[in-house]
Every structure is written in structure tokens, then in C-alpha cells.
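Just so it is clear, none of the values below were taken in a lab; they were calculated from the coordinates. None of these values were measured; they are calculated from a predicted model. All Cβ positions, glycine included, derive from the backbone under ideal geometry; neighbour counts span all protein chains shown.
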Amino acid sequence: MKIAVTSVSGQLGAAIANQLIKTIGKEHVVGIARTPEKAQHLGIEVRKGDYNSREQFNDALVGIDAVLLVSGMDAPDKRIEQHRNVIEAAKQNKVAKIVYTSIIGAEKGSAFSPIVQSNRQTETDIKNSGLDFVIGRNSIYIKPDLEYIDTYVKEGEIRNSAGTGKCTYTSRQALAIAYTQMLTEEKHNGNTYNLAGEAITQAELANYINTVYGTNLSYNAISIDAYTKERQDALGEFLGTVIGGIYESMHNGAYDIKSDYEKAAGVPHPSALELIKAYKAIFN
Ligand SMILES: NC(=O)c1ccc[n+]([C@@H]2O[C@H](COP(=O)([O-])OP(=O)(O)OC[C@H]3O[C@@H](n4cnc5c(N)ncnc54)[C@H](OP(=O)(O)O)[C@@H]3O)[C@@H](O)[C@H]2O)c1
């Protein structure tokens, strides 16, 4: 059996590849990367695969039984076509199963919705492919919030537009455990899972960070427009709009969803406090 993981040079792809290696052994895991040299540290065979190239995926998926497709990072319309390159190459190579990392959230009502729509289109393309499939809808990573701790401390607050909207934060490591089961166990075929953790507000996030880091942060809500403008000024138009849209979605309750994590992973999702402690153990 050979299972391939795309975008294996990235953090999510690498976390899933490492969890697969632990579970089924490195001889059964193939990495695919736009930049293969960035994935050599994994110690597995790495093949070249840029989502823009159907030809590269025709070669990269030779002899593969199941492929994990990590969703792309480009603008929504472009992503749909990029994902189709992988799906069509999988069909051509008679890959039996495709597992896709989609996203939670609403298709309407926020600046993040176009990205959700593009993920839903790929879900439909995969369901129509005739291959066995499993779809995971990833919740929001907690890591970017925790990478901002120094800024929060400097400013004395966590400030965004989520208000009292809850977020079911997850981590790439938690997702890797779920995707490994979804790839290797047939019982998941045909399912779409919300891969999400405990639902917490931003005020609760501030309290948990205070507990783990000994900080004294409070949470302050600002308007959706003001926060999006702040992020656009800091990160540029595309990324700033995406981040603004994520907190707008949180505000709207789009991330306060029922999780299927335990069904997918076979173990409970770590609590928000456990996610923060795990991050501190690795990065501090
Ligand atoms: N749930 C969330 O909170 C959240 C937050 C951010 C992102 N995401 C999603 O998470 C996924 C990736 O996350 P990550 O943590 O692994 O991000 P990451 O560490 O930034 O890695 C991004 C990966 O995408 C690859 N990539 C970009 N363009 C590509 C292309 N044209 N063809 C092939 N590979 C390409 C990069 O390859 P190179 O090494 O060649 O650059 C890299 O491996 C994406 O689906 C993204 O949309 C989710």
C-alpha cells in the first residue's frame, strides 16, 4: 500500500505525513511537493507536484493507492482548477481513494465565504469523481493566535471582531491524527467530517492564555470593518481580507459547530487549554 500526501513541504502536509509514518511505516508513505527539497527532512520518497501542473500529478500519483489532498492557498477560482488537476490525475492513475482537507464555515455572509465556496466546489468535484472519498472540514488552527502572544502582551489585549462568537479551535497535530485514520480505515469512506475542537469565545481564549502563560490579557471587540481594515493595513489586501473574514465568520457563529472529530480520529479532540499547553511545550 502507498499513501501520498500533497503539499508535504507545508506544516499540515508534514504533520499528516509524520503521523502516517508512525502508523504504517515510511515505506508506505509518499510525499508530493511543489518544492521537494523542502520536504527531504521527512525521510520519505518525495515526488514533484505543483497544483498548477496536471502533468506533474500524472507522474506523482503513479502506483498510489490513496491520496491526501491538502487544499491550496491561491485565490478561490484558481484553487478549484488546481484541485481538479489532482482529482483528474488520481482518476487517470486509478488511485482508489482521495481524502480532502476542506474548511468549516458558511458559503455566504463573510469576506471568507468565497474561500469556503471554493472548498465546497472541490468537495463536489471529489464526490463526482467516482473514487472512494473522505472529506474533512478543518476548523481554525489555534497556532496563528498563539504566535501573536507577544503582540497581545505588548498591547495588553486580544482585539478583533469576533465578539461573543465562539471558535472550535484545532491544531495541525490533532488534524493529522484524524486524517491518518480517515486514510487508512475503510469505514470512513463516503463521510464528510467537521474536524473541530472545543467551542470557546475570545474572552475564554484570553483567560486560557493567561492561565498557561501567566499573562494578564483581556479581550476587546471592535467592529468587523475596523478589524478588517487593521488587518489589510498590516498584511495586505488579500490576506488581510481573509483574516478579517475569519473573525467576521466567528462573529456570525459559523465556527460554533458540532464536531465529528472523535468519529474520525477514534480519540477525543484536545481541549482548548490542552492545545495551548501543547503549543507552549513545543515553541517556548
Ligand atoms: N484552518 C485554518 O485555520 C487554516 C489557516 C491557514 C491555512 N489553512 C489551510 O491549510 C492548508 C495548508 O496549511 P499549512 O498549515 O500546511 O500551510 P503552510 O505551512 O503555509 O504550507 C502551505 C503549503 O502549500 C503549498 N503550496 C502552495 N501553493 C502550491 C501549489 N501551487 N502547488 C502545490 N503546493 C502548493 C506550499 O508549498 P511550497 O513549500 O512549495 O511553498 C506548502 O507546502 C491550506 O489548505 C490552507 O488553505 C487553514
query: What list of ³J(HN,Hα) values in whole Hz, one per residue of the range 149-158 in order, does the Karplus curve 6.51 cos²θ - 1.76 cosθ + 1.60 (θ = phi - 60°) give from phi, with Gly and Pro shown as x?
result: 4, 4, 5, 4, 5, 4, 8, x, 7, 9
query: Say a paramagnetic label sat at a point 7 Å from the Cα of residue 189, along Cα to Cβ; which residues of the range 76-108 have their backbone N under 13 Å from it?
result: 95-99
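Need one word for the range 182-273: rounded, prolate or oblate. Basis is the Cα gyration tensor (sqrt eigenvalues a ≥ b ≥ c); a/c below 1.5 gives rounded, then a/b vs b/c decides. Walk me through the intermediate numbers first.
On the way: a/c = 2.68, a/b = 1.51, b/c = 1.77.
Judged from the Cα gyration tensor, the range 182-273 comes out oblate (a/c at least 1.5, b/c at or above a/b).
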field: Amide proton proximity set for residue 45, modelled H, under 5 Å, gap of 5+
entry: 31
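Would you work out the charge dipole size for the range 239-284 about its Cα centre, treating the Cβ of every Lys and Arg as +1 and the Cβ of every Asp and Glu as -1, and quote it to the nearest 20 debye?
Values: 4 positive and 5 negative charges, 33 e Å.
Roughly 160 debye, rounded to the nearest 20.
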- line: Listed residues 81, 204, 155; largest mean-square fluctuation, Gaussian network over the chain with Cα springs below 10 Å, found at 155
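Among DSSP beta bridges whose residues both lie in the chain, state the antiparallel percentage, nearest 5.
On the way: 2 of 33 bridges.
Among the beta bridges of the chain, antiparallel pairing accounts for roughly 5 percent.
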field: Under Karplus coefficients 6.51, -1.76 and 1.60, residue-wise ³J(HN,Hα) of the range 219-235 in Hz, glycine/proline x
entry: 10, 10, 8, 10, 6, 4, 5, 5, 6, 4, 4, 4, 5, 5, 5, 7, 10
message: Can you work out the Karplus-derived ³J(HN,Hα) for every residue in the range 267-284? Use 6.51 cos²θ - 1.76 cosθ + 1.60 with θ = phi - 60°, whole Hz, and x for glycine or proline.
response: 9, x, 6, x, 5, 4, 4, 5, 4, 5, 5, 5, 5, 4, 5, 8, 9, 10
field: Label-to-label distance, nm, for residues given as residue 148 and residue 127 (7 Å Cα→Cβ offset)
entry: 3.3
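For residue 45 and residue 223 in the same chain, what is the full-extension length gain: residue separation times 0.36 nm, less their Cα-Cα distance, in nm?
Values: separation 178, 0.36 × 178 = 64.08 nm, distance 4.80 nm.
Separation in residues times 0.36 nm, less the Cα-Cα distance, equals 59.3 nm.
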With 10 Å bins from 0: P(r) over the range 198-248, alpha-carbon pairs, percent: 25, 37, 35, 4
- request: Select from 255, 152, 213 the residue whose mean-square fluctuation is largest in a Gaussian network model of the chain (Cα-Cα springs shorter than 10 Å).
  value: 213
query: Expressed as an acute angle from 0 to 90° and rounded to the nearest 10, what is the orientation of the C-alpha long axis of helix 172-184 relative to the principal long axis of the chain?
result: 30
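Quick one: if you take sqrt(5λ) for each eigenvalue of the C-alpha gyration tensor of the range 107-251, what semi-axes come out, biggest first, whole angstrom? Could you put the intermediate results ahead of the total?
Values: eigenvalues 195, 76, 26 Å².
Values for the range 107-251, descending: 31, 20, 11 Å.
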task: Determine the principal axes of the Cα atoms in the chain, then give the extent along each, sorted from largest to smallest and rounded to whole angstroms.
output: 54, 36, 35
task: Express in nm, to one decimal, how much length is gained between residue 53 and residue 284 on full extension, taking 0.36 nm for each residue of separation and deducting their alpha carbon distance.
output: 79.2 nm
query: Taking springs between alpha-carbon atoms closer than 10 angstrom, which of 73, 182, 250 fluctuates most in the Gaussian network model of the chain?
result: 73
field: Amide hydrogen neighbours beyond the local backbone of residue 158, cut-off 5 Å, H modeled
entry: 218, 219, 220
query: Which value, in debye to the nearest 20, describes the size of the charge dipole of the chain about its Cα centre when Lys and Arg Cβ atoms bear +1, Asp and Glu Cβ atoms bear -1, and nothing else is charged?
result: 520
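Suppose R0 equals 25 Å; then what is the FRET efficiency for residue 215 and residue 11 from their Cβ-Cβ distance, rounded to the nearest 0.05? Don't skip to the answer; put the middle values down first.
Working: r = 25 Å, r/R0 = 1.00.
Efficiency computed from Cβ-Cβ geometry: 0.50.
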- prompt: Once amide H atoms are built 1.01 Å from N in the peptide plane, which residues 5 or more positions from residue 200, or in another chain, come under 5 Å H to H?
  reply: 167, 168, 169
